[in-house]
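Please read the structure below before turning to the comments.
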Amino acid sequence: MIQGKSILAIIPARGGSKGIPRKNIRMLAGKPLIAWTIEEAKKSKYIDRFILSSEDEEIIKVAKEWGCDVPFIRPEELAMDDTPGIEPVLHAINALKEQYDYVVLIQPTSPLRKFEDIDGCIEKCIELNVPACVSVVEAENHPYWMYRLDKLGRMKSILEKNDKIARRQELPVFYVLNGAVYVANINWLKKEKSFITSQTMAFIMPKDRSLDIDSTFEMDICEYLLLKCHN
């Protein structure tokens, strides 16, 4: 709880991962991937309750072993490849008898995220009195140098280039979502059905805690960094 506001955290983890089979419970630096997120949620100063949303029996078993509350089994239709990410969040909120003021979405694919990032995002949302706050990281690849291709394969800049910029240092800073932390006022989220609107505030995270695992290569990088930090 923070400033009298109750906080619910949701860890979404479906079983059907195509890029890395059984990704959410695959071993990473001696622990199942999902355990890294569960352990950081436990350290939060503000989270009143953190729960798992999953349809998968094995993931549920592992999450419980690591101390995560599993109050329900997610319906199969909300665990498809094309299921919008917000749907399991809204389902979890409505499935609980207890009511909370704010919800925090923390995905298991961000194992480098620390509880300080979770609490920092919550603090910014509450203290600035904004309806939502999400974690971002400075973009490595600047959109100024990005192009789309037309039907003939010709390069078309995705940004209007009114001013020619010769050096990277002259470019304005751009940020991208890193997938680590999403915070929102629950009543607001139910209406907007998205964490991202023009009212959403950004919480900037460092690059070394912003890796979102989507491939075995990224899994290997995370393992190296986690083992390096814990040795």
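Checking (i) 26, 20, 18; (ii) 55, 34, 13; (iii) 31, 22, 19 against the coordinates, the calculated semi-axes √(5λ) of the Cα gyration tensor in Å falls under label (iii). Dipole size of the chain about its Cα centre, with +1 on Lys/Arg Cβ and -1 on Asp/Glu Cβ: approximately 460 debye, rounded to the nearest 20. Sequentially through segment 176-181, phi angles give Karplus couplings (6.51, -1.76, 1.60; θ = phi - 60°) of 10, 5, 9, x, 7, 9 Hz, Gly and Pro residues having no value and appearing as x.
Checked against a 20 Å cut-off, the cross-linked pairs 45/190; 23/61; 5/43; 64/193; 23/43 give Cα-Cα distances beyond that limit for 45/190; 64/193; 23/43. For segment 1-68 and segment 168-231, write down the distance between their C-alpha centroids in whole Å. The two parts, judged by their Cα centres, are 16 Å apart.
Think of segment 8-80 as a dipole: +1 on every Lys or Arg Cβ, -1 on every Asp or Glu Cβ, centred on the Cα centre; then among 54, 17, 70, 17 lies furthest on the positive end.
Think of it this way: in the chain, 68, 121, 222, 229 stand alone, with no other Cys Cβ under 4.7 Å.
Shape call for segment 95-231 from the C-alpha gyration tensor, a ≥ b ≥ c root eigenvalues: rounded (a/c under 1.5), prolate (a/b greater than b/c) or oblate? In terms of gyration-tensor shape, oblate. Cross-link partners of residue 97 among aspartates and glutamates, defined as those whose alpha carbon lies under 16 angstrom from its own and excluding same-chain residues fewer than eight positions apart: 48, 69.
Each value in this text was obtained by applying a stated rule to the coordinates, not by laboratory testing. Just so we're clear, the structure is a prediction, and the values are computed from it rather than from any experiment. Cβ coordinates were reconstructed from backbone atoms using ideal geometry, including for glycine residues, and neighbour counts include every protein chain displayed.
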